[in-house]
Amino acid sequence: NKNAANWFYETAYTNASKPGIANPALFMAATALRYATDANSNESRATAEKFLGTIKETLTNSMKPEAIEFSVHALSAVLRRRDYRPAALDLGLIKLIGQILVQACNGESAVITQLTYETLLCVWLLSFDYGCMAELHREKIIPKIHRVLQRAQKEKVIRLCLMVYQNFCQAQRKYYNARNSIGEFVDPSIYLLGSQLSDREKGPNYYVDLIGIGIMKTLWQLARRKFGDDDIAASVEDLTQVLDQNMDAVTSFSEYKGEVLSGSLEWSPVHTSTKFWKENATKFEENGYEALRELAEIIQRSRDDLTLAVACHDVGEIVRYHPSGRMILSVPQVKGLKEKVMGLMSHSNPEVAKNALVAVQKIMVQKWEFIQ
């Protein structure tokens, strides 16, 4: 019955206060949409949009695992059909999926493990659509998945994390080949991966992002473990080989940017290396001041004292070594950053307050050498 998906959806919607009816009906709607023979018809598209809108409403209202597990399960069923993935992108579901990985997937209970798996399944399915992949990257899915991978014990979770990363690596290879007219035919939509970048010719650099978050160490640790699933060992070997071949293109700035993009900073050697700041200060201008924008975002939103202290220190070092000095903080992309750092001088944590004070000193003087 071509109206089955809509009938099940309406049943779920009208019985929203009765989970015993709504949840099975929602999943049946998802199943009907997945196997619809007329997925491109106006009726199926309208039902899919209503369905995805309901999923979005559920995820927006709560991030509690018990409240969203059934919706994520149903979403993963619908996303198996590629026809509906662009609608998920248009509705903003990718941002919510990233939030689930951060806010809801913490713990080892059976419910959380299954929720993590279903959420990663959604990410993996979306990563086959280049428009969705570009949005996944903007939502920093690479470092978010790495945090999941680092603590994962269940093989099915580990396998999906690695499969998502393999899709990103494959997409970068195909983008490069398409740009340089090498080899196989590539779907023209792959150029969406570079559409939001300042350097479209160069395109995305997922290899650098992966190496920058420390994936090589994680892969080495996984290679030493014994798994019942042979696919995991194969994925670990594949990723290690691909990234090893591209290691020469990765600089210490790439590693630094990966750390900044993760949103969590610590006193690793790169932050206190004079050589690093002298050689890389101008690189903070790249990709529309991307790394500097992320530092500003950290200073505005982070609640972690160590991260805030390191971020303030880094802003001071950028000002100290960048050719235009404090004027780099005047670019529109980081408007208000100076004031945010000044506000942290009165932070309750002494380490944050101290690093903010030193950063402000560097910002206020014309020549840092005068106060050394």
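The values are calculated or read from the model by the stated rules, or taken from the named source; none is laboratory data. As the structure is a prediction and not an experimental result, all values here were calculated from the model. Here the Cβ positions follow ideal geometry from the backbone for every residue, glycine too, while neighbour counts run over all protein chains shown. Just the protein is used for accessible areas: all its heavy atoms, side chains included, with ligands, DNA and RNA removed. Shrake-Rupley method; radii C 1.70, N 1.55, O 1.52, S 1.80 Å.
Return one number: the angle in degrees, 0 to 90 and rounded to the nearest 10, between the long axis of the Cα atoms of helix 350-364 and the longest principal axis of the Cα atoms of the chain.
60 degrees
Roughly what angle does helix 110-126 make with the longest principal axis of the chain, taking Cα atoms, 0 to 90 degrees, to the nearest 10?
Value to nearest ten degrees: 90.
Under 37 °C and 0.692 mPa s, how fast does the range 215-287 diffuse according to Stokes-Einstein, given a Kirkwood radius computed over C-alpha pairs? Answer in µm²/s, whole number. The partial results should precede the final answer.
Details: Rh = 14.5 Å.
Reported coefficient: 226 µm²/s.
As an exercise, identify the trypsin sites (Lys or Arg not before Pro) in the range 297-372 lying in DSSP coil whose Cβ has no more than 10 other Cβ atoms within 10 Å.
For trypsin sites (Lys or Arg not before Pro) across the range 297-372 that sit outside H, G, I, E and B with at most 10 neighbouring Cβ atoms in 10 Å, the list reads Arg303, Lys367.
Quick check: from the Cα gyration tensor, does the range 1-95 come out rounded (a/c under 1.5), prolate or oblate? Numbers along the way, then the final one.
Working: a/c = 1.90, a/b = 1.22, b/c = 1.56.
In terms of gyration-tensor shape, oblate.
Report the Rg/Rh value for the chain, based on alpha-carbon coordinates and the Kirkwood definition of Rh.
1.02
Between helix 141-151 and the chain, what is the angle of the helix's C-alpha long axis to the longest principal axis, kept within 0 to 90° and rounded to the nearest 10?
For 141-151 against the chain, the angle is about 90 degrees.
Which shape class applies to the range 196-328: rounded if a/c is under 1.5, otherwise prolate when a/b exceeds b/c and oblate if not, where a ≥ b ≥ c are the square roots of the Cα gyration tensor eigenvalues?
Verdict is prolate for the range 196-328.
Direction-averaged shadow area of the convex hull around the Cα atoms of the range 284-372, nm²?
Working: hull surface 21.1 nm².
Result: 5.3 nm².
With respect to the cross-link table entries Lys144/Lys338; Lys283/Lys335; Lys144/Lys278; Lys144/Lys362; Lys278/Lys335; Lys140/Lys174, which display a Cα-Cα separation exceeding 26 Å? Walk me through the intermediate numbers first.
Details: Lys144/Lys338 28 Å; Lys283/Lys335 19 Å; Lys144/Lys278 30 Å; Lys144/Lys362 33 Å; Lys278/Lys335 24 Å; Lys140/Lys174 21 Å.
Cα-Cα > 26 Å for Lys144/Lys338; Lys144/Lys278; Lys144/Lys362; rest within.
Rolling a 1.4 Å sphere over the protein heavy atoms, what is the accessible area per residue of the chain, to the nearest Å²?
49 Å²
Counting only protein heavy atoms and a 1.4 Å probe, tell me what percentage of the range 81-136's accessible area is made up of carbon and sulfur.
55 percent
Against the 2.2 N^0.38 Å scaling, with N counting residues, where does the range 143-216 land? I'd like the Cα-based Rg ratio to two decimal places. Before the final figure, lay out each step's value.
Numbers: Rg = 14.2 Å, N = 74, 2.2 N^0.38 = 11.3 Å.
That ratio works out to 1.26.
So what is the relative contact order for the chain, in percent, with contacts set as C-alpha pairs under 8 Å and at least six apart?
About 9 percent, as a whole number.
Carbon and sulfur: what percent of the range 252-372's accessible surface (1.4 Å probe)?
51 percent
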